[in-house]
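Here's the structure, in structure tokens; my notes come after.
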Amino acid sequence: MQTTYIDSKEVIDLQKWNSELPILGKQYQEASPYPHIVLENFLNPVVLDACIREFNELNKADGWINYVHYNEKKKGLNKLDMLPANIKHTINELNSPAFLQFLSTLTGIDNLQKDDHLEGGGIHQSGRGGYLNIHADFTVHPHHRNWQRRVNVLVYLNKDWQEEWGGKLELWDTEMKACEKKVLPVFNRCVIFNTDADSYHGHPEPMTCPEDQFRRSIALYYYSVEDKPFRRATHYMARPGEGKKKFMVKLDNAMVATYTEIKGWLGSNDKIVSSILRFLSRKK
């Protein structure tokens, strides 16, 4: 894959974002339904344009993990050594000590840790019909049993995304009674939010974008080291009025929880789980 590495352009203007932290931190920590913020024009658009070109080339590459089971339909790539230059450089900058300090100040969570394994993160892509049911994320890193997951950073790379295609990130209240916020996944928009046990989010409606359009994001997760972290796998929820789905959602939760535990003990990867969950979903 031939791509041009844009090494002369900084990825993020941290001087600018740090200067706004007194206001942004207050907005983040007081936000409803849980601490979060939506930031526009977050990264250097020239670098993100290069990332989009690399995404287009990656569609032809091996190594994608297909997350296809009852509660989601998307694919991801989380092996840093398989990512092209500009995407890798962007991720490294968002895992840098300077960005971690910005993130800790923004969220009020000290000593946030990056994840070099990009567990469950890296880059994501969904096409027509793709969806992700409402859920709260897994709470402990499967390979670091004292790492409590604390914060998500999502950066969208979708130019000319149309509202009627769907794909909005939904933030639900902590009791799963109502969606409080919807965020269109447009180019260079960043969403940062706490990943507590009741930070429910997703984009549950199958998308209607054209076959040649994709919902793409860079997804990075951050942790804190805790003596006794709360441990739970990704936990999907049926929305109000979806009573008929509850059984299947719970069954899928059980499968995901079982796999997550096995993965933690054996060190297996998400490419394996995607195959297992896809097979079991077909059996159901």
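The values are calculated or read from the model by the stated rules, or taken from the named source; none is laboratory data. Quick caveat, the model's predicted, so the values are computed rather than measured. Virtual Cβ from ideal backbone geometry, glycine too; neighbours counted across all protein chains shown. Heavy atoms of the whole protein, side chains included, go into the accessibility calculation; ligands, DNA and RNA do not. Shrake-Rupley method; radii C 1.70, N 1.55, O 1.52, S 1.80 Å.
Quick notes
- Taking label points 7 Å from Cα along the Cα-to-Cβ direction, residue 92 and residue 227 give a separation of 3.8 nm.
- The chain - accessible surface per residue (Å², probe 1.4 Å): 47 Å²
- 10 Å-binned pair-distance histogram of the chain (Cα, whole percent): 6, 29, 39, 23, 4, 0
- Probe 1.4 Å, all protein chains present, accessible-area order of 117, 203, 235, largest first: 117, 235, 203
- Amide N of the stretch 137-156 lying under 12 Å from the label point, which is placed 7 angstrom from the Cα of residue 61 along Cα→Cβ: none
- Per-residue ellipticity at 222 nm computed for the chain from its helices equals -9500 deg cm²/dmol, with DSSP H segments shorter than 4 residues left out and the rest contributing -39,500 (n - 2.57).
- Accessible-area value, residue 65, 1.4 Å probe, nucleic acids and ligands omitted, Å²: 10 Å²
- For the cross-link pairs 79/246; 88/245; 16/177; 181/250, the ones whose C-alpha atoms lie over 31 Å apart are 79/246; 88/245; 16/177.
- One chain, two ends: residue 208 and residue 13. Fully extended at 0.36 nm per residue, the span grows by 66.7 nm beyond their Cα-Cα distance.
- Given +1 at the Cβ of Lys and Arg, -1 at the Cβ of Asp and Glu and no other charges, the dipole of the chain around its Cα centre is 1140 debye to the nearest 20.
- D by Stokes-Einstein for the stretch 167-240, Kirkwood Rh over Cα pairs, 25 °C, 0.890 mPa s: 168 µm²/s.
- Residue of 186, 249, 68 that the Gaussian network model of the chain assigns the largest fluctuation, springs spanning Cα pairs under 10 Å: 249
- Ranking 75, 9 from most to least accessible surface, computed with a 1.4 Å probe over the protein chains only, gives 9, 75.
- Note on residue 231: accessible area is roughly 80 Å² with a 1.4 Å probe, heavy atoms of protein only.
- Size of the stretch 1-108: Rg and Dmax of its alpha carbons, in Å, are 16.5, 45.
- Extension gain (nm, one decimal) between residue 37 and residue 248, 0.36 nm per residue minus Cα-Cα: 72.8 nm
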